[in-house]
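Participant: Can you keep this structure in mind? I'll have questions shortly.
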Amino acid sequence: MGCPSVRMPMGTWERRVEQLLAEVANLPSEEERKRYLDHACRRDPSVRTDVEELLPYYLVADQEFSAVPLERLTAMLSSTTLDAKGGDARWAAVLETLDPPQRSDSIGTLGAYQVMEVIGHGAMGVVLKACDAKLGRYVAIKALLPDLARRDHYVRSFLAESRAMAAVRHPNVVAIHDVEDRHEPPYLVMEYVEGESLQAALRRGVRLELVDVIRIGIELARAVEAIHAQGIVHRDIKPSNILIERSTGRVKVTDFGIAIATSRIEEAMPAGTLYFMAPEQFQGRAIDERIDVFSVGCVLRMLARHVCPSPTPPNIRFALRRLRYSTERWALNRLQKLCQEMTS
């Protein structure tokens, strides 16, 4: 069996759809738009479907997506708080792996740590607040979801996150203390930041003064500089991954779940959070460390203007579709390389 090929390069699709959108949007009536598409897309109904789906968004592009109020943005980006007594079954499964508690205010024991509560969760793991009795301090423990811990790919990614975090030592980056890869599921032990994420603060309705936005920007820039100095690209700088220390107001960047070494970035699948992604990320173009700088800019714009960062032009639906095509192209290219290696 031969290797698959990409039938329509993403760039070709982009240019064709963008051209049609621009032309159709200038027509004064729906009937004229229909007649134009009947003629222009008579040999390519799939492109017509894309144009018709995107046209309503394109027609209101001058109302710029970036004008979405901050309240709506935080609602879109917010995640439900997980209660230790309930929540999604996959997250609750982590709690079922804990040993019985050794103190009355603990919900369980994980290695040498007494787990106090669940303080966060994501697509790959759960974050626990725990007490390190030996050193008399609180720590944050990120445990991989049990169902993912049975898949080598996710375990390797989880351990890669641990190594990436361990490589960066900086006051504006959350420090890692330890990793336990022999436990089921594996977990990493991190610095516990007494405070909240920037996203949580925004969700509470916090409005920052310009001087605070500038200060956060400076500290984020220092964190990103330290990350890049270790040959790592974070790829997911966003409010939920930015912690604010309550006592000092210091910024701490966390969650290296999709971070990647600079040397491997060309072979990496497109990844990130759409609202904070550089255009090159969802277009499948060549990227480098500057994508993190772009994400920092999106965060600061959101803080300064109290509006949602714009992931397009011209609209979020188009960006999502571009991301889908770039991801498919990445997968096909990887498969082609594998086939070539097998037949060489």
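The values are calculated or read from the model by the stated rules, or taken from the named source; none is laboratory data. Bear in mind that the values here come from a model prediction, so they are computed numbers and not experimental data. Every residue, glycine as well, gets a Cβ built from its backbone with ideal geometry; the counts of neighbours run over all protein chains shown.
Participant: Search region 116-157 for residues being of a type in the set (D, E, K, R) and at pLDDT 90 or above, and hand back the single one that is surrounded by the most Cβ atoms within 10 Å (Cβ to Cβ).
Facilitator: If we filter region 116-157 for residues that are of a type in the set (D, E, K, R), which is where we start, we get 117, 129, 132, 134, 137, 142, 147, 150-152, 156.
Adding the requirement that they be at pLDDT 90 or above leaves 117, 129, 132, 137, 142.
Numbers: GLU117: 13, LYS129: 19, ASP132: 18, ARG137: 12, LYS142: 26.
Going through the qualifying residues, I end up with LYS142.
Participant: Among the residues of region 225-257, what is the count of those that are out of contact with any helix residue (DSSP H, G or I) (no Cβ under 8 Å at 6 or more places or on another chain) and surrounded by fewer than 21 Cβ atoms within 10 Å (Cβ to Cβ)?
Facilitator: So the count comes out to 7.
Participant: Mind checking which pairs have a first residue in region 223-246 that is more than 15 Å from GLY272 (Cβ to Cβ) and a second that is among the basic types (Lys, Arg), Cβ under 7 Å, 6 or more apart or different chains?
Facilitator: Every condition considered, the pairs that remain are LEU243/LYS252; GLU245/LYS252.
Participant: Tally up the residues in region 184-229 that are touching a Pro at 6+ places or on another chain (Cβ under 9 Å) and of a type in the set (Ser, Thr, Tyr), please.
Facilitator: Here the count works out to 1.
Participant: Which is surrounded by fewer than 20 Cβ atoms within 10 Å (Cβ to Cβ) and either under 18 Å from TYR275 (Cα atoms) or of a type in the set (A, V, I, L, M) (or both), of LEU188, LEU208, LEU220?
Facilitator: Working: LEU188 fails: surrounded by fewer than 20 Cβ atoms within 10 Å (Cβ to Cβ); LEU220 fails: surrounded by fewer than 20 Cβ atoms within 10 Å (Cβ to Cβ).
After ruling out the rest, the residue left standing is LEU208.
Participant: Further question on the same structure: Could you tell me which residue of region 158-169 is nearest to ARG222 (Cα to Cα), considering only residues that are of a type outside the set (Gly, Ala, Ser) and surrounded by fewer than 18 Cβ atoms within 10 Å (Cβ to Cβ)? Give the derivation first.
Facilitator: From region 158-169, those of a type outside the set (Gly, Ala, Ser) are 158-159, 161, 163, 165, 168-169; that's our starting set.
Narrowing the set further to residues that are surrounded by fewer than 18 Cβ atoms within 10 Å (Cβ to Cβ) leaves 159, 163, 169.
Numbers: LEU159: 25, ARG163: 20, ARG169: 12 Å.
The residue in question is ARG169.
Participant: Can you report the number of residues in region 158-207 which are modelled with pLDDT under 90 and in contact with a Lys or Arg (Cβ under 6 Å, 6 or more places away or on another chain)?
Facilitator: The total comes to 0.
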